[in-house]
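Beneath this line is the structure, given in C-alpha cells, with notes to follow.
The values are calculated or read from the model by the stated rules, or taken from the named source; none is laboratory data. Since we're looking at a predicted model, the values are computed, not measured. A quick note on method: Cβ atoms are made from the backbone with ideal geometry, for glycine too, and the neighbour counts reach across all protein chains shown. Each accessible area value is taken on the protein alone, full model and side chains, heavy atoms only, with ligands, DNA and RNA left out. Shrake-Rupley method; radii C 1.70, N 1.55, O 1.52, S 1.80 Å.
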Amino acid sequence: MTATREGATFASGTATDPAMAPHNMTLTLRIWRQRGPADKGRMVTYQVEDISPDMSFLEMLDVLNEKLILAGDDPVVFDHDCREGICGSCGLMINGTAHGRGTSGGPTTTCQLHMRKFKDGDTIDIEPWRATAFPVIKDLSVDRSALDRIIQSGGYISAPTGTAPEAHSILVPKKDSDAAFDAATCIGCGACVAACPNASSMLFTAAKVSHLGLLPQGQPERNERVVNMVAQQDREGFGGCTNIGECSAACPKGISMENISRLNHDLLGALRAGARPKS
Amino acid sequence: MAVVTVTQPGQRRAPKAAKTSSVFKKVVMAVSGIILVLYLIAHMIGNLKVFAGRESFNGYSHWIRTIGEPAVPAQTTLTIIRIVLLAAVIAHIWAAIALWRQAKRARPNGYVTKKAVAQSYASRTMRWGGVIVGLFVVYHILDLTMGVANPEGPGTTPYDRLVAGFSNPLITAVYVIALILLGMHLRHGIWSATQTLGQSNKRRERTVNLFALVFSVVLIGGFLLVPFSVLFGLVG
C-alpha cells in the first residue's frame, strides 16, 4: 500500500524535464526557536535562497542550517533519521498541518515532502509537535518517549524463545493478516497527536492494539493489553479522542479510524470480562 | 522511533493525569447522547400533531401528563421521563467538560499556525455548539413548556403558546438557528457514538456517516416544519 504511494511520488518527481526545470526558490521561513525545555520559545524569521524544487523539506532546512553555522549562529534542531519515510523520526508542523499534509496533497512524512510543493516567495511556518506529553527538547525536536511507554505497557506478545516455530503451524486468515499489517505500518511519528485538536494519541494506541489484537499470537494478552495501553496514554497526559479524524488524515501511513473503533470495542469487552489496568 | 531521546528526569514535569479514563468519558457521552436522540425522535413526531389541529395537539399534551392514570398518580410517566432526560443531560455535560479540560491540559500552548485537514464544521462546533444548544433548551423550556418566556404567558394552552411564539419572526429565527446547530451536533455525534461504542469499521464507515447525515436532516426538518408553518400562516 505504502509502496504504491511512494512510487507515485517518485513518478511525478522524475517527470520534470530539464528544459522545463523550474527556477530555484527564495523562501521566508518562520521557525519556532526554543533554547531548551525551560525556555519560553518564539517564532524567528529567516530567508533561504536558491532552494531547488527537487530538495526535500529537510534538505531545505539543511541549507538554512549550513548558512546559520557559517554565520556563527545556532543551527535549528530538528529530528530526522532515515529520510526515506519509514523510521518515524522526523515530524514538523508545516503551515499548520502535521508533516505539511495540507501542502503535500497526500499522506507523507516531513522528509518525503518535496519543495516542488511550494512556490517561490512563499512564507512557511514551521513548529514542533505540541502536546504536554511531547515536551520540547530544543527548537523543533520533541521528546516522544511517551509513545514508547505506551508500547511498554502492553504492545508486546509473550512467546517462548528458542528455534523459530514452523511458520504454518498457526494459520491466520488473509483478511485478518491484511488488517493487522495495515495497522502495523504505524511508524510512531506522533503526527496523529500533533494534528489532533485534543492532542490525543488514540490513533497510535489503536494501531498497536489492532496490530497485535487481530493476530492469533496476540490473543492471550488481548484484554490486559488494551486496558493497560489506554490507561498509560491517559497517564502520559494525552487528550481524549472525540473522533474528529484529523489524526487519520495526517497519518503518513494512512492508518484508518476503524482501528479506534476496534480499540473501543476491545476495551469495552475487556472491561466486561473483568480486566483492569495495572496501577 | 529509531532515535530515542530522553530529557533529563528533573526537567520533565509529570503531566497531571486524568482521573477517569478518557474512553469511559466518551462512553458516558455516547450512551447519554443516544438517550437524548431517542427522546428527540418522539418529540419531533409528537410535534407533528399540530397539523391535526388544536384539539389533537392539546390532547396529546394532556395525554403525556396522564399516562397510566388512574393506576398511578398524575404526571408519573412524565416525571420519570424528565428525570431520565435530566440525568442524561447532566452526564452528557459532565463528559463534555471533562474531555474539554483534558484536551486543554494536553495542549496548554497551541500552535501559532494550525489548519484543519479533515475535520468537518460539525465536529469543530461540537463544544461551543453544544453550549449554545444547551442554553437554547433552557430557553425552550421557559418558552413553550412553562410559558414564562412566551408572549402568551403561563396558564395558556400549549397550542396557543406555540402559535404566539412562532408568529414572531425573531423567536422563529432563534429556533431555526438552534435547530440547525443541533442537527450538526447530531451528525457528528451519531458517527462519534458509533466509533466510541466500537461499532464502526471501514466497511460501515460510509453507511454510518450517510445515516448520521440523513437522520439529522430528517429529524431537524421535521422540527422546522412547525415554526415555519406557523410563521407562514399554514397553522394558526
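Magnitude of the charge dipole for segment A:20-137, about its Cα centre and with charges confined to Cβ atoms of Lys, Arg (+1) and Asp, Glu (-1), is about 480 debye. If you take the square roots of the eigenvalues of the alpha-carbon gyration tensor of segment A:126-192 and sort them as a ≥ b ≥ c, do you get rounded (a/c under 1.5), prolate (a/b over b/c) or oblate? Prolate, because a/c is 1.5 or more and a/b exceeds b/c. Couplings 3J(HN,Hα) for segment A:227-244, derived from phi with the Karplus relation 6.51 cos²θ - 1.76 cosθ + 1.60 (θ = phi - 60°), are 5, 6, 5, 5, 4, 5, 5, 5, 4, 6, x, 6, x, x, 7, 10, 6, 7 Hz, where x marks Gly and Pro. On a C-alpha basis, how far is the centre of segment B:178-231 from the centre of segment A:97-113 in Å? Whole number, if you could? One Cα centre to the other: 32 Å.
Roughly how crowded by other chains is peptide B:118-125, in terms of the mean Cβ count from those chains within 10 Å of each of its Cβ atoms?
Details: counts 10, 8, 2, 0, 1, 6, 2, 0.
Whole-number average of other-chain Cβ neighbours for B:118-125 is 4.
Could you state the angle between the C-alpha long axis of helix A:202-213 and the longest principal axis of the C-alpha atoms of chain A, as a value from 0 to 90 degrees rounded to the nearest 10? Once rounded, one gets 40 degrees. Taking R0 as 41 Å, what's the FRET efficiency between B:N168 and B:I34 from their Cβ-Cβ distance, rounded to 0.05? The value I calculate is 0.75. Listed by chain and number, the lysines whose C-alpha is less than 20 Å from the C-alpha of A:K117, apart from same-chain residues fewer than 8 away, are A:K253, B:K114, B:K115.
The listed residues A:C82, A:C247 rank as A:C82, A:C247 when sorted by accessible area, largest first, using a 1.4 Å probe.
Heavy-atom accessible area for B:K114, with the other protein chains in place and a 1.4 Å probe, reaches approximately 80 Å².
Just so you know, the Cα atoms of segment A:164-250 work out to an Rg and Dmax of 14.5, 46 Å. When you filter the GluC sites (Glu not before Pro) in segment A:31-98 for DSSP loop state and at most 16 other Cβ atoms inside 10 Å of their Cβ, you are left with A:E84. Estimated from the Cβ-Cβ distance and a Förster radius of 45 angstrom, the FRET efficiency linking A:A164 and B:N109 is about 0.40. Protein heavy-atom surface of the protein assembly as shown, 1.4 angstrom probe: 63% of the accessible area is carbon and sulfur, with nucleic acids and ligands not counted.
Rolling a 1.4 Å probe over the protein heavy atoms leaves B:F232 with an accessible area of roughly 150 Å².
Our summary gives chain A a relative contact order of 18 percent, counting only alpha carbon pairs under 8 angstrom and 6 or more residues apart. Take B:W191: with every protein chain present and a 1.4 Å probe, its accessible area is about 20 Å². Computed over segment A:20-137, the alpha-carbon pair-distance distribution with 5 angstrom bins reads 2, 11, 21, 25, 22, 13, 5, 1, 0, 0, each value a whole percent.
For the segment A:254-267, counting C-beta atoms of other chains within 10 Å of every residue's C-beta and taking the mean gives 5.
Counting only protein chain heavy atoms and rolling a 1.4 Å probe, the accessible areas of B:L135, B:L197, B:L162 rank, largest first, as B:L135, B:L197, B:L162. For the protein assembly as shown, the dipole from Cβ point charges (+1 on Lys and Arg, -1 on Asp and Glu) about the Cα centre works out to 1500 debye, to the nearest 20. Within the shell defined by Cβ-Cβ distances under 14 Å, the residues around B:T77 carry a net charge of +1, with Lys and Arg each +1 and Asp and Glu each -1.
Give the ranking of B:R65, A:R144 by solvent-accessible surface, highest area first, calculated with a 1.4 Å probe.
Working: B:R65 75, A:R144 35 Å².
Descending accessible area places them as B:R65, A:R144.
Extension gain for A:Y156 to A:L70 (0.36 nm times residue separation, less C-alpha to C-alpha distance): 26.3 nm.
Let me make sure I get this right: for segment B:20-92, a, b and c are the square roots of the gyration tensor eigenvalues over alpha carbons, sorted descending. Under 1.5 in a/c it's rounded, otherwise prolate if a/b > b/c, else oblate. Which is it? Because a/c hits 1.5 or more and a/b fails to exceed b/c, segment B:20-92 counts as oblate.
Taking the C-alpha atoms only, the angle from helix A:258-272 to the longest principal axis of chain A is near 30 degrees. Averaged over the residues of B:190-197, the number of partner chain Cβ atoms lying within 10 Å of the residue Cβ comes to 5.
Can you work out the FRET efficiency for the pair A:T185 and B:A52, with r the C-beta to C-beta distance and R0 = 60 Å, to the nearest 0.05? The value I calculate is 0.55.
Specify the angular offset, from 0 to 90 degrees and rounded to the nearest 10, of the alpha carbon long axis of helix B:126-140 from the longest principal axis of the alpha carbons in chain B. Between the helix axis and the principal axis of chain B, the angle is about 20 degrees.
With Cα atoms as the point set, chain A shows a radius of gyration and Dmax of 20.8, 68 Å.
Using the Karplus relation 6.51 cos²θ - 1.76 cosθ + 1.60 with θ = phi - 60°, the per-residue 3J(HN,Hα) values for segment B:43-53 come to 4, 5, 5, x, 4, 5, 4, 4, 7, 8, x Hz, with x marking Gly and Pro. With both labels modelled 7 Å from their Cα along Cα-to-Cβ, the B:L210 to B:A71 distance reads 4.3 nm. For the pair segment A:146-163 / segment B:44-119, the C-alpha centres are spaced 44 Å from each other.
If contacts are Cα pairs under 8 angstrom and at least 6 residues apart, what is the relative contact order of segment A:132-250 in percent? It would help to have the intermediate numbers written out before the result.
On the way: 134 pairs, mean separation 41.4, N = 119.
Result for segment A:132-250 is 35 percent.
Summed over all non-identical Cα pairs, the Kirkwood treatment of chain B gives a radius of 20.6 Å.
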